[in-house]
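The values are calculated or read from the model by the stated rules, or taken from the named source; none is laboratory data. Here the structure is a predicted model, which means the values were calculated and not measured. Every residue, glycine as well, gets a Cβ built from its backbone with ideal geometry; the counts of neighbours run over all protein chains shown.
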Ligand code: HEM
């Protein structure tokens, strides 16, 4: 879940494939303007971005105080002050603890067999179809939706609605405010009802675990739990679907030579998944925003208390001091350092290991089952799903 303020590029560049976006050369923190014209600092070097994201003198809650920058006034999820992502310090930790254990690499490793089984079922269905097919509709979307639905114990009837709400939740203002407001109200009501249901009839799903942990913790406002459930629904499928679609677009369009290597084993697919997550941004947003509670020095530059800071993870991921070669040079080489694509510090993406596992298994099994998979249309004809903090192809025709 990224929440950025300054936009990346002009209208022509907005339609570039995500793997082709240009990033400038990182340098010391510099003054920039947010989209509303208010001043901010852009932090772009790897070490500086890590510092900002890990330093408790920077926070998210200060962005929503009356003297904060004017973030878009749409009631979109990312700007919901109750969201886990917008809490700081002990409040944030208390809420995060309720979910943290469910998403550790060890916990996710236990889910691997059934995630692989879902991948297998989707590929069986794909093989029964006549080519060409739309790989977004038939694979990249249903996989993460099925995974997050299973984790949250949701049935198929909730899936279509989840997709609808997610589109609005990541709205960047391209829908009418009333429509977004109505969709978000429905989404919150769904989250509230789901929490109530699991309180009455607990199961072994994530929401039951959340309710149990929140009761043990005590004192967590219900609105924060509702936002967490909605955040998991959106984070759980939109970002993974987008990542998988953009990855397939890149691999099939420009790197078909990587296909046999992907098919060769899960481990190789894991290294390639790491590279794709590192190199292909989710959308056009640049960076994640914080506000300084106190005066702080970053990379030798004085940043005063109250200043808004945009930490540009995409630029930092291309910092030549840390990543000397191009990310895409050898797609199977391990990353030189941990990527910042999932952020860093206390807000480090809860779903990072899950997203990585889904991408790894999806790509590996797809390449193994369909060695001749290729795009049916030239890359230039792709239509983009716009209007959200993530951007991906609306459809991607493939044959084999
Ligand atoms: C390709 C997939 C994904 C990417 C690139 C991604 C990226 C990120 C980033 C950059 C952050 C930190 C933002 C910041 O510090 O400003 C974040 C936070 C978060 N992500 Fe993800 N994410 C992905 C998938 C997921 C999935 C699958 C889930 C849930 C199942 C998820 C749930 C969350 C949550 C709950 C947070 C907030 C954590 C906190 O504030 O403590 N994400 N994500």
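Before we move on, is residue 237 within 14 Å of the ligand (Cβ to nearest atom), closer than 24 Å to residue 312 by Cβ, within 18 Å of the chain's Cα centre (by Cα) and part of a helix (DSSP H, G or I)?
Judged against the criteria, residue 237 is not a match.
Which of the residues that make up the range 207-223 are touching a residue at least 60 places away in the same chain (Cβ under 8 Å), surrounded by fewer than 22 Cβ atoms within 10 Å (Cβ to Cβ) and in a helix (DSSP H, G or I)?
209, 213, 217, 223 - these are the residues of the range 207-223 that are touching a residue at least 60 places away in the same chain (Cβ under 8 Å), surrounded by fewer than 22 Cβ atoms within 10 Å (Cβ to Cβ) and in a helix (DSSP H, G or I).
Report, by residue number, each residue of the range 297-310 that is within 30 Å of residue 170 (Cβ to Cβ) and surrounded by fewer than 21 Cβ atoms within 10 Å (Cβ to Cβ).
If the condition is that a residue be within 30 Å of residue 170 (Cβ to Cβ) and surrounded by fewer than 21 Cβ atoms within 10 Å (Cβ to Cβ), then 306, 307 are the ones that fit.
If residue 394 satisfies every condition in (1) surrounded by 16 or more Cβ atoms within 10 Å (Cβ to Cβ); (2) in contact with a strand residue (DSSP E or B) (Cβ under 6 Å, 6 or more places away or on another chain) but one, which is the exception?
(1)
Filter the range 272-296 down to the residues that are away from the ligand (no atom under 14 Å from the Cβ) and assigned to a loop (DSSP other than H, G, I, E, B), then identify the one that is surrounded by the most Cβ atoms within 10 Å (Cβ to Cβ).
Only one residue tops the list, namely 293.
Need the failing condition index for residue 343 against (1) surrounded by fewer than 23 Cβ atoms within 10 Å (Cβ to Cβ); (2) more than 17 Å from the chain's Cα centre (by Cα), just the number.
Of the numbered conditions (1) surrounded by fewer than 23 Cβ atoms within 10 Å (Cβ to Cβ); (2) more than 17 Å from the chain's Cα centre (by Cα), the odd one out for residue 343 is (2).
Evaluate the range 255-271: report whether one residue or more is surrounded by fewer than 23 Cβ atoms within 10 Å (Cβ to Cβ) and farther than 28 Å from residue 361 by Cβ.
Taking every residue of the range 255-271 in turn, none turns out to be surrounded by fewer than 23 Cβ atoms within 10 Å (Cβ to Cβ) and farther than 28 Å from residue 361 by Cβ.
Go through (1) at pLDDT 95 or above; (2) within 20 Å of the chain's Cα centre (by Cα) for residue 15 and report which single condition fails.
The single condition residue 15 does not satisfy is (1).
For the list (1) surrounded by 22 or more Cβ atoms within 10 Å (Cβ to Cβ); (2) farther than 18 Å from residue 80 by Cα; (3) within 15 Å of the ligand (Cβ to nearest atom), I need the number of the one condition that residue 135 fails.
Here residue 135 clears every test but (3).
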